[in-house]
Structures are given as structure tokens and as C-alpha cells.
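Written below as C-alpha cells is the structure these notes are about.
The values are calculated or read from the model by the stated rules, or taken from the named source; none is laboratory data. All of these numbers come straight from a predicted model, not from anything done at the bench. Here Cβ is always computed from backbone atoms with ideal geometry, including for glycine, and neighbour counts include all displayed protein chains. We work out accessible area using only protein heavy atoms, side chains counted, and drop any ligands, DNA or RNA first. Shrake-Rupley method; radii C 1.70, N 1.55, O 1.52, S 1.80 Å.
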Amino acid sequence: MKPSVSVIIPTIGRSSLDAAVRSALAQTYPVSEVIVVVDSDVEPVVPEDDRVTVIHTGGGVGASRARQSGIEKSAGDVIGLLDDDDVWLPNKLEVQMASVPTDSALWIASSRFRTVTADGGSEWPLRLIGVHQPVDQYLVRFHSLRFGGASAQTSTLLFPREIAETVPMNLPLGAVHDDPSWLIDVRRRFPAIPIVQSGDVLVEYDMTSASLSRTDTDESAAYIQWGKEYLDPSDRRSRGDYFLTSPLSSAVSGRSVRGVIRSLAAGVRYGRPGKWAWGFAVVSTLRLVLMKVMGLVARLAKR
């Protein structure tokens, strides 16, 4: 008998929820249930289908804990995660269920995805994770100047429910890197667990201005603290690459010179960045300088 699949969709009531739910219901590998977890005070509009259940958290617990609430209410053998502004392609579950190892009771499946942006988007990640590759090394080490070469995006994740029962998703609202944190914790709890990432594009990932995944505030301090807590201190390359990329990118987005300096200092103090991370940091810092100069010129022109 085929394993049953429960789909968990946390939401704050965005209009894109309808398309997300419909993409789960339309899978060629049928889902047994779709649990919509509302983390706000709205009553969402969802497709009429006996497989759809709406539950409420009470509001403000954050996406990580909302997902866990949905998992605890679900009954499926396998859990699929889907954000309310993303959609699954029709064969997403079928491809992933066919690719999971038959000799292991526990596993995590992921896939490539297509970004949806104002200028058309692209396909990610450029590199797939090795079946037994350390999650932190895969996600944070840089192999080129391009950001996003590695990813295990939330809406691509599929796994047996036992994993989330053993390693709950419990990060609070506002926590950074909630899904990478969970994946790292899972690999630490189950060192031999295989992670199978399909090369097929199976998800459309919204990166437009309407997506809450995007922010223009400087969160570099929070990112640096995450790196100090989650990344292995003995792996100085991974630590160094991380501090010169994710925290620094956040600082540049927030136009914070102090954040850039903070990130560069963390990279030198706590790690040993590789050449590609240094290159990325230099290019990003120059970008911030250019933005500052252009802003100054614009202010002077108004006088």
C-alpha cells in the first residue's frame, strides 16, 4: 500500500493560499489531506474539498511552530511542506516518492525549484546536495560568486512524519534560517539519514515583493548569532564563508555599513573564508558603497 501524504501549509491569510492548496490537491500522487495552519486572526478562503482542514494557532507563533502544529494534527505517513505563496508542479510528489531509498525508513526528499520574480526568475539550486553530505557545508560554502548555488527550499521538502515527531520544528516567530536549522538538527540526530534532492524542477517559489521571504532590513546580527550557534566551530571554512555572505547580504539590503563591518569581522574572527566568499563580500560591499554615493548625489541635487 502506498504511504499516505499529509500536506502542511502555514498561512497568514494571503490570497495566494488558494493556488497553493489547489496545487497540492492536483498531485498525480494523491494526497490524503491538506492541513492549512492559520497563524493570524483571519479566516482564509480555501477550495472546497473533503481533504482540506483549517486549524488556527492563535496567532503570532511563526511559520516553524505553525508547521509543527499542522504535523501534530495530521495523520499521513509522509509530510510535505508547502508555503502559502508557492505552488507544487503536478508531478512533485510522484517524482519524489519514486526517488526515496527503499532501504531506509527515514529520509528527506527535496528538489530543484523555479523562482518567480518580477523579471522572470530562474531555476535553483545550481548544485544538489550529496546524499550524505553535511547540510551546513552544502548550504553555506561558496563555490562561485553567485548567491543561492545551494538550497533546500521549504516547499520542496518531503519526509516521514517520524522525523518531525523526533526533531520538532519549534523556532519562534522572527527566528532566522528556521528550515536550515531544522535540517541541521535532523542530520545531527540521525547522522546517516539520506537526503535525496531531485534534479527536476518541482516547485514554483515566489520571490516577488509580495512574498514575506524578502526583507530590506539589516538582520546581520541575528544571522551572525545563528552561525555561531549552528555551524561547527572546527569547520572554519564553512563558518567563514557563511559570515561573509548571508549576514553581509542582509547588511547590504539594509544599507548598513556597520552591519557589513560586523559581518567581515565575524568572518575573520570565527572562520577562514574561501576565495569565492571573499569575492562575494568585496562585490557586495562595493554595491553598498555605490548605493550610498548615489543616495548622497541625489540629496545634493535636491538642494
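List of remarks:
- Among the strands (runs of 3 or more DSSP E) confined to segment 1-71, the ones with at least 2 residues that are open to solvent by 10 Å² or more (accessible area, probe 1.4 Å) and of a type in the set (A, V, I, L, M, F, W, C) are located at 52-56.
- With respect to (1) assigned to a loop (DSSP other than H, G, I, E, B); (2) open to solvent by 60 Å² or more (accessible area, probe 1.4 Å), the lone exception for residue 188 is condition (1).
- Filtered residues of segment 114-134 (kept if of a type in the set (A, V, I, L, M, F, W, C) and more than 13 Å from residue 195 (Cβ to Cβ)): 116, 118, 124, 126
- Filter result for residue 217 (out of contact with any strand residue (DSSP E or B) (no Cβ under 8 Å at 6 or more places or on another chain), surrounded by fewer than 17 Cβ atoms within 10 Å (Cβ to Cβ) and of a type in the set (Val, Ile, Thr)): yes
- Residues that are touching a Gly at 6+ places or on another chain (Cβ under 6 Å), part of a loop (DSSP other than H, G, I, E, B) and among the hydrophobic types (A, V, I, L, M, F, W, C) do occur in segment 169-176, at least one of them.
- Test: residue in segment 104-124 that is assigned to a helix (DSSP H, G or I) and touching a residue at least 12 places away in the same chain (Cβ under 8 Å): no
Table: residues versus (1) in contact with a strand residue (DSSP E or B) (Cβ under 9 Å, 6 or more places away or on another chain); (2) of a type outside the set (Ser, Thr, Tyr).
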{"position": "51", "(1), (2)": "yes, yes"}
{"position": "63", "(1), (2)": "yes, yes"}
{"position": "74", "(1), (2)": "yes, no"}
{"position": "94", "(1), (2)": "no, yes"}
{"position": "120", "(1), (2)": "no, yes"}
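- Residue check for residue 187: of a type outside the set (A, V, I, L, M) and either out of contact with any Asp or Glu (no Cβ under 8 Å at 6 or more places or on another chain) or over 20 Å from residue 130 (Cα atoms) (or both): yes
- Considering each residue of segment 200-207 in turn, at least one proves to be at pLDDT below 90 and open to solvent by 20 Å² or more (accessible area, probe 1.4 Å).
- Failed item in (1) over 21 Å from the mean Cα position of the chain (by Cα); (2) free of Cβ contacts under 8 Å to residues at least 12 places away in the same chain, with residue 31 passing the rest: (2)
- Any hit, segment 257-275, residues being more than 16 Å from residue 150 (Cβ to Cβ), open to solvent by 40 Å² or more (accessible area, probe 1.4 Å) and touching a Gly at 6+ places or on another chain (Cβ under 6 Å): yes
- Looking across segment 159-178, just one residue is surrounded by 19 or more Cβ atoms within 10 Å (Cβ to Cβ) and among the acidic types (Asp, Glu), and that is 178.
- Taking the criterion of being assigned to a loop (DSSP other than H, G, I, E, B), surrounded by fewer than 21 Cβ atoms within 10 Å (Cβ to Cβ) and either modelled with pLDDT of 95 or more or more than 15 Å from the chain's Cα centre (by Cα) (or both), the residues of segment 127-152 that qualify are 127, 128, 130, 131, 132, 133, 134, 143, 144, 145, 146.
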